[in-house]
Amino acid sequence: MIDQAKALRDKMQQKKVKKDRRPTRVIAVTSGKGGVGKSNFALNFALSLVTQGKKVLIFDVDLGFANIDVLLGRSPEETIATMLDKDLSIWDIIEEGPNGLQFISGGTGFDEVFRLDEDKMNKFFTELSQLQGHVDYIILDTGAGLSYENLRFILAADDVILVTTPEPTSITDAYSVVKMVQGKDPNVHMKLVVNQCTSDKEGRQTADNFQQVTGKFLNKEIGMLGFIPSDASVPSAVKKQVPFTIAYPNSQAARAMQKLAFDFLELPVPYKLGLKGFLLKILFK
Ligand SMILES: Nc1ncnc2c1ncn2[C@@H]1O[C@H](COP(=O)(O)OP(=O)(O)OP(=O)(O)O)[C@@H](O)[C@H]1O
Ligand SMILES: [Mg+2]
């Protein structure tokens, strides 16, 4: 009898270890300038990964203006902020979006997590850690620019997707992000997405120039992930509050996104710290 119980415990332990080993990668989507299309990118990229069989959770960490719920036409009652205040579990606040995409919002006051309330930090860590093995990817939709919190997210993520448009102002701000990040940690993995291109040629040229300049002046290699064309379907989908890959799956933007997600999955995705390492780094380092 005792042997049986031990065998069962061992089995459960093995299962737990296996589950823990399923890597959950954290990918931060960020930009220098605001309004370049990060939230639309993050949401539709996440949905495209879901279409390709991945389990994905999108986490809106834009501390100023949460966007993902608006793009989905939802207004979740529970957020990270209410989880901490009302002592809820992570499972109480995960919302189910289209096609099984999961999402959570930071909510108002989420940034307090970083303001050294130790109980809240511990609770945040314990609850968020449970997502380890639950999804393949956690996509963070960050705010624009280099706030203290954004920088922490970028430095702790396994991979960073930097979104720019071909406009010079957007490019120079993206460059500033790379410069700042490079100064803090040269081992951050970054990939570039050029959004709102008028042609593939323009996208490629923008990326080539950017890669050259970051290589030459910052000694930083930035991989090119893809281009998304400027497409009227995107604002039209925003107005409908339906993600453009769902509202207009045959639009140019949606097709480009599917290709980009496919290419992403072909690339070796770095596994730097994983979810627990990410949480430890944003909270305690
Ligand atoms: N590929 C595209 N083609 C046309 N319009 C686009 C495209 N991508 C984004 N937009 C438009 O740009 C606007 C800003 O998009 P979005 O909210 O995703 O940007 P953001 O970078 O998340 O902004 P913020 O910095 O305020 O969080 C939206 O109105 C959207 O319709
Ligand atoms: Mg946004």
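Scanning the range 155-173 for residues that are among the aliphatic types (A, V, I, L, M), more than 15 Å from ligand 2 (Cβ to nearest atom) and open to solvent by less than 10 Å² (accessible area, probe 1.4 Å) yields A156, A157, V160.
In the range 85-95 there is no residue matching the filter, namely being under 24 Å from E127 (Cα atoms) and within 16 Å of ligand 2 (Cβ to nearest atom). Those strands (runs of 3 or more DSSP E) of the range 118-222 in which 3 or more residues are within 16 Å of ligand 1 (Cβ to nearest atom), in contact with a Gly (Cβ under 7 Å, 6 or more places away or on another chain) and at negative phi occupy 190-197. Can you confirm whether F114 is modelled with pLDDT under 95 and within 16 Å of ligand 2 (Cβ to nearest atom)? No: the conditions fail for F114. V135 falls short on exactly one of the conditions (1) buried (at least 17 other Cβ atoms within 10 Å of the Cβ); (2) modelled with pLDDT under 95; (3) of a type outside the set (S, T, N, Q); (4) within 28 Å of T245 (Cα to Cα), and that condition is (2). Of all the criteria given as (1) more than 14 Å from ligand 1 (Cβ to nearest atom); (2) within 23 Å of F153 (Cβ to Cβ); (3) not in a helix (DSSP H, G or I), the one not satisfied by A81 is (3).
If we scan the range 249-256, do we find a residue that is more than 16 Å from ligand 2 (Cβ to nearest atom), in contact with a Gly (Cβ under 8 Å, 6 or more places away or on another chain), open to solvent by less than 60 Å² (accessible area, probe 1.4 Å) and not β-branched (V, I, T)? Looking through the range 249-256, at least one residue is more than 16 Å from ligand 2 (Cβ to nearest atom), in contact with a Gly (Cβ under 8 Å, 6 or more places away or on another chain), open to solvent by less than 60 Å² (accessible area, probe 1.4 Å) and not β-branched (V, I, T). Among the residues of the range 227-267, those that are near ligand 1 (Cβ under 8 Å from one of its atoms) and assigned to a loop (DSSP other than H, G, I, E, B) comprise S230, D231, A232.
The values are calculated or read from the model by the stated rules, or taken from the named source; none is laboratory data. In this text the structure is predicted, and so the values were computed from the model without any measurement. We place every Cβ from the backbone using ideal geometry, glycine too, and count neighbours over all the protein chains shown. Accessible surface areas use protein heavy atoms only, side chains included; no ligands, DNA or RNA. Shrake-Rupley method; radii C 1.70, N 1.55, O 1.52, S 1.80 Å.
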